[in-house]
Each structure stands twice: as C-alpha cells, then as structure tokens.
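Just below is one structure, and these are the notes that go with it.
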Amino acid sequence: MLEELSLRDLGPIRSAVITPAPGMTAITGETGAGKSMLLSALSLISGGPANAKRVSVGASEAWAQGIFAVDDEDGADEPAEAEGDDADEALAGGALAIARRAGVEPEDGELFLARTVRATGRSRAVLGGRTVPRSVLAAVAGELVTIHGQAEQLRIASAARQRDFLDHAAGDDRELAAYHAAWRALADMDARLERLRSQESSARAQADYLRESVDRINAVDPHPGELEELKAKRERIENAADIAEGVSRAIGALDASQLDIGDIETPGASDLITQAAQALRGIHVSGGEFGELADRLDSVNTDLADIVFTLSGHLGEDMGETDLDTLNARIHDLDELTRRWGPSVEDVIAWRDKAAFDIEDLDASPEKLAELESERGRLHEAAAQAADALSAARAAAAARLAARVTEELSSLAMDGASLEIRVTPRSGDDALDANGGDDIAFLFTPYEGSPQLPMGKSASGGELSRLMLALELSAADMHTAPGGDDDEAASAASAGMTFIFDEVDAGVGGKAAVELGRRLARLARSSQVIVVTHLAQVASWADAQFVVTKEPPDADDDDLGVVTTVNEVRDDARVHEVARMLSGSESEASLDHARELLEDSRL
C-alpha cells in the first residue's frame with residue numbers, strides 16, 4: 001500500500017506530499033492544474049521513462065518518492081502463492097524478494113522507492129536508499145502498483161499481460177505450479193539430450209583413441225617394476241667384465257684360496273687375521289684381555305668369510321643367453337609407454353584399466369541416448385497433461401471473467417460493449433512453452449456493431465480505463481467466497497495492490513458516473529485505489545480527496561510562472577470542492593447538493 005507520495009520540482013508542482021487513504025483517494029482540480037504531474041511522479045517511481053522536460057523551470061532536477069507499507073513477516077523473502085487472506089503477503093513478498101536480491105531490506109515494514117530526473121535528461125533510481133538499476137525499481141513497483149492511465153494501460157495489449165491477468169483472475173495457482181514443474185523437467189531433459197547429441201561424435205572419437213591406446217599397451221604387456229629390473233640387468237651385462245675383475249681382486253685380497261688359480265703363496269686378509277688371533281691367544285697372562293681381542297678377530301673373520309662367499313657367487317655369473325639388443329628393445333617399448341601414459345609403468349597400467357571402463361561407458365552412449373529419449377517422451381506426455389489441465393482452468397475462468405466484465409461495462413455507460421477472452425490450445429510438436437500450451441487473446445467490442453478487435457486497438461483512453469476497472473472488479477468478484485456479497489468482495493488476488501486510474505470518467509456523466517464511483521469504491525474495499533477525476537459523482541465516493549490548484553507566483557518569483565499546489569480537503573473544504581465540481585460555483589444550492597452527494601456516496 002502506498003503510504004506517502006512526495007515530489008519536488010516536477011512540472012508546475014514545486015513541492016507536494018500526498019498521503020493516500022488505505023481505501024479510495026480522489027485527485028481533483030481544474031483542467032490544466034497539473035493533476036497529470038502526480039501520475040508522472042507515480043510513473044517515475046514505477047521505473048517509467050524519464051522526461052527532462054518535466055523538470056520545473058529554473059530547477060536542476062525533479063524528484064519523486066513513494067513510501068510503501070509491506071508485510072515483513074518471516075517467509076516473505078520469497079514470492080508466495082496468493083491464496084485467501086494471504087494474498088497481500090504474496091504481493092509484498094514478491095516486492096521484498098526482489099528488493100532483497102538487490103541488497104535492500106525494508107525499514108520498519110516500509111520500502112522507499114525514489115527517482116531523480118536531472119534537467120540534462122539523466123535519471124537515478126533509488127530503492128531503500130541504495131542506487132539500483134531502473135529495471136529493479138520497475139520490478140519492485142510492479143508488485144505494488146498498477147497504473148491504468150493513457151499510456152500504461154496499453155500494456156494489457158500484450159499477450160503475456162493478458163495471460164498473466166487471466167491466471168490472476170482464475171486462481172489457477174495449483175495447475176500453473178504443476179505445469180511449471182513438468183515444463184522444467186522436460187526442458188532439462190531436452191538440454192541434456194542436446195548436449196549428448198552434440199557430444200556423440202566426439203565421444204566416438206574418444207572411444208577410438210582409448211581403444212587404440214589400450215591395444216598398444218596390451219601389446220607391450222608391461223608388468224609392475226619391470227622397467228627398473230630390465231635397466232638394472234642391462235647395466236650388469238654392459239659392465240660384466242668390470243664386475244668379474246673387481247670381484248676376483250676382492251676375493252684374492254680377502255681369501256686367495258677361493259680362486260681356482262693354483263697355489264698362492266701370498267696370504268689373504270682372512271689368513272692374516274687368523275694368524276693374529278692365534279698370536280694373541282699365545283700370550284699367557286692373567287686378565288684375559290688378549291683372549292677377548294682374539295675372539296673379536298674371529299668375529300671379523302667370520303664376516304669376511306660371508307663376504308667372500310657372496311662374492312664367489314658372482315664369479316662366473318651366468319647372464320643367460322639374453323641378447324642385449326632384445327633387452328634394449330624391450331626397455332625402449334616400456335619407455336615409450338611411460339612417456340605417453342606414465343610417468344611409471346604402474347601409472348601406465350592404471351591408465352589402461354581406467355580407459356577400459358571409459359570405453360564401456362562411451363560405447364554405451366547410443367543405448368543411453370535411447371533410454372533418455374524414452375524418458376523424454378514420458379516427460380513430454382506429463383507436461384502435455386499438465387498443460388491440458390491448465391488450459392481447461394483458463395478456459396473456464398475466461399468464460400466467467402468475460403461474462404462479468406460485459407455485465408460491468410453496461411453499468412459504466414458502455415451499453416453494447418463486450419469482452420471475449422479466447423483460450424486457443426496450440427497443436428504440433430512445439431505447442432508447449434514455458435507458459436503452457438495455449439494462446440490467450442482479449443478481444444473487445446466497444447459498442448454494438450463494432451468489429452471485435454484486440455485490446456489496446458479498439459478503445460479510446462476513457463473506454464479502456466473503464467474496461468480495466470471492469471476487469472479488476474470482475475477479478476475481485478471471482479475470488480469472493482461462494483455466497484458472498486459482491487459489494488463486500490475481497491479480492492484475494494489483488495489485496496495489497498495499489499491501483500491508479502486516469503481518464504476512467506472520460507465521456508461519463510449522470511447516473512453512470514455514480515455507478516462508476518460506486519465500483520471504484522467497491523474495488524477499494526480490497527485494494528488501495530487512487531483515481532484522477534473531474535466528476536463529483538466519482539470523487540464523492542473517495543475516503544480522501546486531494547485538490548490540485550494553480551496559483552499565481554510570488555512577486556519575487558514571477559519568472560517561474562504559475563505554481564501548482566496539492567492539498568487535502570476535508571469536512572467543509574471538501575464540500576466546497578465537490579460543489580465547485582458539480583456546478584462551477586459554491587452557491588448554497590450547490591453546497592447542499594454536494595453535502596447530499598457525499599452523504600449518499602457510501603457502500
């Protein structure tokens with residue numbers, strides 16, 4: 001709900017503050033006084049286009065701000081599905097969700113929407129004190145304000161707006177949610193299939209590469225640790241002569257008796273150590289120290305004997321009939337594998353085993369594709385059934401809504417006018433889209449005998465405003481509990497919304513004007529209504545009335561031209577304003593008529 005509208009330096013209005021009533025507020029004043037500037041202010045804070053020509057003469061910028069009350073209860077940070085008395089929370093929740101995504105939190109249950117337009121033409125949108133893109137301001141305002149003016153109301157001419165309005169009136173949230181879920185599942189599957197189809201050729205190429213690689217590795221047939229063993233063996237073969245000579249010399253130095261080279265007179269290290277041990281044991285003194293040393297020498301000799309035995313095993317070592325060229329070729333093959341899939345033979349083997357599994361997955365892709373296509377068919381059938389249910393709900397609501405609107409139009413001085421709402425199911429493979437499987441068209445006949453034309457192309461501004469009023473009222477009535485009184489209809493779908501009507505009284509007078517005011521007041525029972533009017537019969541139904549008045553400039557500001565003021569009128573002041581609207585004068589008769597009109601204008 002709009003709690004306050006403030007503007008500064010917008011057209012002839014230097015400064016104004018309006019606090020609309022929760023129900024119906026009338027904006028009145030003489031023709032040309034500047035009532036349109038209030039609509040301009042509302043359009044600005046709703047993200048409408050900025051026009052530098054609207055900036056007051058002599059001012060550097062124009063500014064407008066709207067303060068909206070929003071329900072900030074827990075759970076309102078995501079758009080809710082309107083149902084029953086929770087609809088106002090749903091609308092506020094949508095605005096809050098958008099604001100919070102922009103990093104803005106409500107303050108004391110209020111959202112501040114502001115817009116500045118510089119004389120140079122640039123504008124700045126502000127939400128809750130934070131500069132935001134104009135589109136964000138428009139999105140937030142779209143959840144809070146609906147403007148039915150000469151330009152804004154033409155938006156209903158779009159098929160998308162008509163579909164949204166019909167869904168809003170139909171209360172088909174359950175069918176709509178079911179279809180959206182089915183459509184998302186189908187769209188996700190289509191995206192998955194598209195990815196698989198685009199990857200199918202590359203998958204075949206990948207499978208061929210993996211298969212060739214596995215075959216090459218299997219042809220070599222590597223074994224863990226094999227490359228290191230072969231390289232060590234090659235090194236021993238290549239250094240066999242040096243090994244034999246070194247081993248022989250070592251054994252000769254340690255124990256020459258182990259060498260099959262005849263009598264050796266030079267004793268080896270083992271013999272010398274044995275002689276040293278015997279010499280120590282030949283010393284006969286008390287204490288046993290030399291005996292212990294002899295024992296230690298025996299221990300050393302035992303280690304030497306073990307070393308000699310090990311070295312003797314390498315004498316005449318048989319390297320087998322291994323061909324060095326064959327050995328090098330095997331090492332070369334293994335090196336090639338490790339360079340491509342290594343760095344070690346163990347890594348090559350692990351890569352081969354994993355590639356074998358990958359080949360199975362890639363080779364199974366045609367079967368997987370067929371499986372997914374079958375699942376896609378099931379999802380499409382589910383989406384089609386959900387679309388049929390949604391279309392049926394829309395068609396039933398369209399018939400009821402069109403009949404109610406046609407009935408309302410006859411009470412709004414539009415005899416012979418009618419509305420038809422067509423719900424046409426689409427056919428073919430591409431019948432479904434994100435919004436269902438049908439096309440929605442609002443076709444308006446403004447007078448009897450007129451051709452039936454799409455909305456927005458078949459009515460004047462005043463006729464279209466009254467048509468929109470009839471639509472809003474009819475949507476409200478459709479949400480009334482069964483058996484409820486139309487005059488007490490509480491529109492769950494539009495609760496919490498602020499409706500702005502301009503030109504709704506164009507070409508209306510007499511009894512029709514009274515009925516127009518009555519219907520605006522009916523809508524104001526469930527929503528906030530602000531109407532710009534020149535008819536006393538309409539203004540008299542309002543809960544609050546503001547008068548826009550032209551005043552001559554002060555002597556010091558004569559170069560600024562006419563100045564417009566906006567003031568709320570109450571009690572006697574309102575009686576005088578209604579009398580002026582009735583007869584252009586404030587005679588006693590017109591004042592009595594005004595009092596009577598105000599007294600009679602009650603639901």
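The values are calculated or read from the model by the stated rules, or taken from the named source; none is laboratory data. The shown structure was predicted, so the numbers you read here are calculated from the model rather than taken from an experiment. Methodologically, a virtual Cβ is constructed for each residue, glycine included, from the backbone with ideal geometry; neighbour enumeration extends over all protein chains shown.
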Subset of the range 123-142 [hydrophobic (A, V, I, L, M, F, W, C), closer than 16 Å to SER40 by Cβ and not in a strand (DSSP E or B)]
LEU137, ALA138, ALA141
Within the range 98-122, the residues that are surrounded by 18 or more Cβ atoms within 10 Å (Cβ to Cβ) and either β-branched (Val, Ile, Thr) or not in a loop (DSSP other than H, G, I, E, B) (or both) are ILE98, ALA99, VAL104, LEU111, PHE112, LEU113, ALA114, ARG115, THR116, VAL117
If a residue must be part of a helix (DSSP H, G or I) and touching a Leu at 6+ places or on another chain (Cβ under 8 Å), how many such residues does the range 171-211 contain?
19
Filtered residue count, the range 396-440, keeping only those that are buried (at least 18 other Cβ atoms within 10 Å of the Cβ) and under 16 Å from ALA170 (Cβ atoms):
14
Restricted to the range 524-541 and to residues being within 17 Å of GLU30 (Cβ to Cβ) and outside any helix (DSSP H, G or I), the residue nearest to the chain's Cα centre (by Cα) is VAL531
Considering only residues that are in contact with an Asp or Glu (Cβ under 7 Å, 6 or more places away or on another chain) and either aliphatic (A, V, I, L, M) or not in a loop (DSSP other than H, G, I, E, B) (or both), look in the range 46-60 and name the one that is surrounded by the most Cβ atoms within 10 Å (Cβ to Cβ).
VAL55
Hey, among the residues in the range 14-45 that are among the hydrophobic types (A, V, I, L, M, F, W, C), at pLDDT 90 or above and not in a helix (DSSP H, G or I), which one's surrounded by the most Cβ atoms within 10 Å (Cβ to Cβ)?
ALA26
Taking the range 124-137 and keeping residues touching a residue at least 60 places away in the same chain (Cβ under 8 Å) and surrounded by fewer than 18 Cβ atoms within 10 Å (Cβ to Cβ) leaves ARG134, SER135
Keeping to the range 509-549, report how many residues are touching a Gly at 6+ places or on another chain (Cβ under 8 Å), buried (at least 23 other Cβ atoms within 10 Å of the Cβ) and over 30 Å from SER15 (Cβ atoms).
1
Evaluate the range 185-199: report whether one residue or more is closer than 30 Å to LYS354 by Cβ, charged (D, E, K, R) and more than 25 Å from the chain's Cα centre (by Cα).
yes
Here is a list of conditions, (1) at pLDDT below 90; (2) over 30 Å from ARG54 (Cβ atoms); (3) surrounded by 15 or more Cβ atoms within 10 Å (Cβ to Cβ), and LEU560 meets all of them except one; can you say which number that is?
(2)
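Being assigned to a helix (DSSP H, G or I) and either among the acidic types (Asp, Glu) or at pLDDT below 95 (or both) narrows it down to one of VAL508, VAL504, VAL514, VAL566, so name that one.
Values: VAL508 fails: assigned to a helix (DSSP H, G or I); VAL504 fails: assigned to a helix (DSSP H, G or I); VAL566 fails: assigned to a helix (DSSP H, G or I).
Of VAL508, VAL504, VAL514, VAL566, the one residue that is assigned to a helix (DSSP H, G or I) and either among the acidic types (Asp, Glu) or at pLDDT below 95 (or both) is VAL514.
Name the residue that is farthest from the chain's Cα centre (by Cα), counting only residues in the range 111-142 that are under 27 Å from LEU401 (Cα atoms) and modelled with pLDDT of 90 or more.
Per the stated criteria, the residue is ALA141.
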Can you pull out the residues in the range 200-221 that are surrounded by 10 or more Cβ atoms within 10 Å (Cβ to Cβ) and within 36 Å of the chain's Cα centre (by Cα)?
GLU200, SER202, ALA203, ARG204, GLN206
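Out of the residues in the range 224-247 that are without any contact (Cβ under 8 Å) to a residue 60 or more places away in the chain and over 23 Å from ARG352 (Cα atoms), state the one that is surrounded by the most Cβ atoms within 10 Å (Cβ to Cβ).
Filtering the range 224-247 down to residues without any contact (Cβ under 8 Å) to a residue 60 or more places away in the chain leaves 228-229, 232, 235, 239, 241-242, 245-246.
Now drop any that are not over 23 Å from ARG352 (Cα atoms), which leaves 232, 235, 239, 241-242, 245-246.
Details: ALA232: 10, GLU235: 11, ASN239: 11, ALA241: 8, ASP242: 9, GLU245: 10, GLY246: 13.
Restricting to residues being without any contact (Cβ under 8 Å) to a residue 60 or more places away in the chain and over 23 Å from ARG352 (Cα atoms), the top hit is GLY246.
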So PHE442 clears everything in (1) of a type outside the set (A, V, I, L, M); (2) in a helix (DSSP H, G or I); (3) within 19 Å of SER158 (Cβ to Cβ) except one condition, right? Which one?
(2)
Determine whether GLY484 is modelled with pLDDT under 90, farther than 30 Å from ASP173 by Cα, outside any helix (DSSP H, G or I) and small (Gly, Ala, Ser).
no
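Condition first: of a type outside the set (A, V, I, L, M, F, W, C), closer than 27 Å to ASP167 by Cα and surrounded by fewer than 16 Cβ atoms within 10 Å (Cβ to Cβ). Now tell me which residues in the range 356-395 satisfy that.
First, pick out the residues of the range 356-395 that are of a type outside the set (A, V, I, L, M, F, W, C): 358, 360-361, 363, 365-368, 371, 373-378, 380-381, 385, 388, 391, 394.
Now restrict to residues that are closer than 27 Å to ASP167 by Cα: 378, 380-381, 385, 388, 391, 394.
Correct list: ARG378, GLU381, GLN385.
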As an exercise: evaluate PRO454 against (1) within 34 Å of the chain's Cα centre (by Cα); (2) surrounded by 13 or more Cβ atoms within 10 Å (Cβ to Cβ); (3) under 30 Å from ALA181 (Cα atoms) and give the number of the one condition it does not meet.
(3)
